[in-house]
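Taking it in order: structure first as C-alpha cells, then the write-up.
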Amino acid sequence: MNNEKKIPYKIYLEENEMPTQYYNVRADMKKKPAPMLNPATLQPVTEADLTPVFCEELVKQELDNDTPYFDIPQEIQDFYKMYRPSPLVRAYCLEEKLQTPAKIYYKFEGNNTSGSHKLNSAITQAYYAKKQGLKGVTTETGAGQWGTALSMACAYLGLDCNVYMVKVSYEQKPFRREVMRTYGANVTASPSNTTEIGKKILAEHPGTTGSLGCAISEAVEAALSKDGYRYVLGSVLSQVVLHQSVIGLEAKAAMDKYGISPDIIIGCAGGGSNLGGLISPFMGEKLRGEKDYRFIAVEPASCPSLTRGKYAYDFCDTGKVTPMAKMYTLGSGFIPSPNHAGGLRYHGMSPILSELYDQGMMEARSYEQTEVFKAASDFARVEGILPAPESSHAIKAAIDEALHCKETGEEKTILFGLTGTGYFDLKAYEQFNDGTMNDYVPTDEDLQIGFDSLPSVER
Ligand SMILES: *Cc1c(COP(=O)(O)O)cnc(C)c1O
C-alpha cells in the first residue's frame, strides 16, 4: 500500500531514457509471419519486387525477420522529442469510479497535432524517403490521422505529400483535410478520377463512399506513375509495427522504473500497428519464455477481422495492386459499413499480429459502436481526456476487465493503449449523445461476399 502510494498519476521518462533502438518482435518468433507474395509469381516477394513501390531502407526493415534491434537515427530521435516521451498514466480516477481493485494504466499517444500514435511511424518513413533523395510520397488516409501525421513529417523534412482520403471522411471530416493542407499536403477524395483504378472502382460502384482498400490502390498507382515518388502506409506492415515499438518500449521502461508488471495488455486493432507496437517488448518476453502476459486485441463488431475473419493470403487493397499478405482478413472486397472508428475500418490485420493470434499468443474480442461510445464518455468524465473512437475500443475492454476484477476481487494490473484524441469525431459523439447512433454487425452472408473475393493461393 505504501509502495503503491508512490506511483504518480503520470510517469514521464527523461529524454535520455527514451528508446534509441526499435525492437523487432519477429526476431523472437519461432514461427515467423508468412512471407508476402508477389501476386504475379506467387513466390515470396524480394527486395527487387518491393523497391519500385517502397523506400529501400523500409523494404529492408519489412523483410527482416531476424534482426532484433534497429537503431533510431538521431534526426528521428530529435523529432520524437517534440512530442515524446508520451505519458504513462495511472487511471486512479477511473479506478475510483469503477470501485475496482484492479490497477489501470494507459499509455497516451494523443499529445501531438495528428492526435494519434501515427506520427511515430510517419517521421521514420518520411526520413528514409528523404534520405533516398526522393521528391515525395503518396499515401491513403481513412479518418485522417495518418494523412495528418504524414503531412507533419513531410513538412518538417521538406517532402511533397499526396494523400488519397477515403471519400466519406473527406466529406465528413473537412477539418482534418484542412490540417493536412495547412501542413502543405495535396489531398484527393478517393475513389477519384486521377487514377485508372479509381476510375474503374467508380464505374463499378457509382456512389461509393470509398474504403481504405480503394485509397491504397490509388496511392500505390500514383507513386508508380511518377518519378521520385514512393508509397508509404501507416499500418499493417511489419515495418510500421517496428516503428511503433517505441510505444511499448517507453511503457515498459516507465513501468520497470516503478517495479510494475502488467497482467493484461489491451489495444484497439485496425491494422494492428499501435497494438503491435505496445505489446512488442512484452510479447518478446513471453516468446522467450521469460514472463507471461495476457494480450487482448479489440476491434469493432462492424469490421471483425480477427474475431470473424479468415487466416489466408489476401491483397492489402481493393484494386489488388499490392503484394499478398497472409493475415486475418474479411477479404479485400469487403467494404465496411460507415463505422465512426474510421481508423479501424480495414479488412485485414498485421501479419505479425495475425500469426501471434493464430499461435494462441493473443486474444481478440469485438464491441459494438454504442457500448464503445458509452465507455468513451464514462472515461472522459473522470480522466478528462476526450478519447478517439478507435482508442475507446481499448477503454471498453479495460473497463470490462477491471469490472471483472471487482467481481473476483483480483488486483490485476491492466495496461491499455490510448492511441488518440477525438476532437475531430464530434459528429459521432453528437449521434451518441442524441441517442441516434446505430450498431451495425455484418451478417454471415455479408461476410461471405468478402470471403468470396479472397484469392486462391495454395501454400
Ligand atoms: C489509425 C488509428 C488506430 C488504428 O490503427 P492501428 O494500426 O491498428 O493502430 C487506432 N487509434 C487511432 C487514434 C488511430 O488514428
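The values are calculated or read from the model by the stated rules, or taken from the named source; none is laboratory data. Please read all numbers here as calculations on a predicted model, not as lab measurements. In this analysis, Cβ positions are derived from the backbone assuming ideal geometry, glycine residues included, and neighbour counts consider all displayed protein chains. Accessible surface is based on the protein model in full, side chains and every heavy atom, while ligands, DNA and RNA are left aside. Shrake-Rupley method; radii C 1.70, N 1.55, O 1.52, S 1.80 Å.
Within the range 135-227, what whole-number % of the accessible surface is contributed by carbon and sulfur, with the 1.4 Å probe and all protein chains included in the calculation?
On the way: 1840 of 3550 Å².
Summing carbon and sulfur atoms, their accessible area is 52 percent of the total for the range 135-227.
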Tilt of helix 238-257 relative to the longest C-alpha principal axis of the chain, in degrees (0 to 90, nearest 10)? 10
Could you pull out every Cys in the chain that lacks a partner Cys with its beta carbon under 4.7 Å away? CYS55, CYS93, CYS214, CYS268, CYS303, CYS316, CYS405
The range 21-88: which trypsin sites (Lys or Arg not before Pro) are DSSP loop and have at most 14 other beta-carbon atoms within 10 angstrom? LYS30, LYS31, LYS81
Roughly how tilted is helix 273-287, in degrees to the nearest 10 and between 0 and 90, from the longest Cα axis of the chain? 60
Between the range 223-248 and the range 174-218, how far is it from one alpha carbon centroid to the other, in angstrom? 19
Packing-ranked peptide list from 356-366, 441-451, 206-216, highest mean Cβ count within 10 angstrom first, is 206-216, 356-366, 441-451
Can you give the helix-only mean residue ellipticity at 222 nm for the chain, where every DSSP H stretch with n ≥ 4 adds -39500 (n - 2.57) and the sum goes over all residues, rounded to the nearest 500 deg cm²/dmol? -12500 deg cm²/dmol
Return one whole number: the accessible area per residue of the chain in Å², for a 1.4 Å probe. 38
Label model pair SER225, ASN111: point-to-point distance (7 angstrom along the Cα→beta-carbon line) in nm is 4.3
Based on alpha-carbon positions alone, could you give the equivalent ellipsoid semi-axes of the chain from the gyration tensor, as √(5λ), descending, whole Å? 32, 25, 22
Convex hull volume per residue for the range 1-50, taking Cα atoms only, in Å³: 203
Whole-number D in µm² s⁻¹ for the range 135-227, Kirkwood Cα-pair radius fed into Stokes-Einstein, 20 °C, 1.002 mPa s: 167
Anything over 32 Å Cα to Cα? Flag those among LYS32/LYS252; LYS135/LYS252; LYS32/LYS167, in the order listed. LYS135/LYS252; LYS32/LYS167
Got a sec? Which residues in the range 404-421 would a label at ARG294 touch, if it sits 7 Å along Cα→Cβ and we count backbone N under 12 Å? 404-415
State the number of lysine pairs found in the range 312-459 whose Cα atoms come within less than 21 Å, restricting to pairs 8 or more positions apart or on distinct chains. 6
Farthest towards the positive end of the dipole of the range 91-222, among GLY158, GLY207, VAL168 and with Cβ unit charges of +1 on Lys and Arg and -1 on Asp and Glu, lies the Cα of GLY158
State to the nearest 20 debye the size of the charge dipole of the chain about its Cα centre, where the only charges are +1 on K and R beta carbons and -1 on D and E beta carbons. 560
On alpha carbon coordinates alone, what is the Rg over Rh value for the range 55-165, Rh being the Kirkwood radius? 1.08
Hey, what angle do you get for helix 145-157 against the long axis of the chain, alpha-carbon based, 0 to 90 degrees rounded to 10? 80
Which value, in Å to one decimal place, does the Kirkwood hydrodynamic radius take for the range 269-410 when every pair of different Cα atoms is included? 16.0
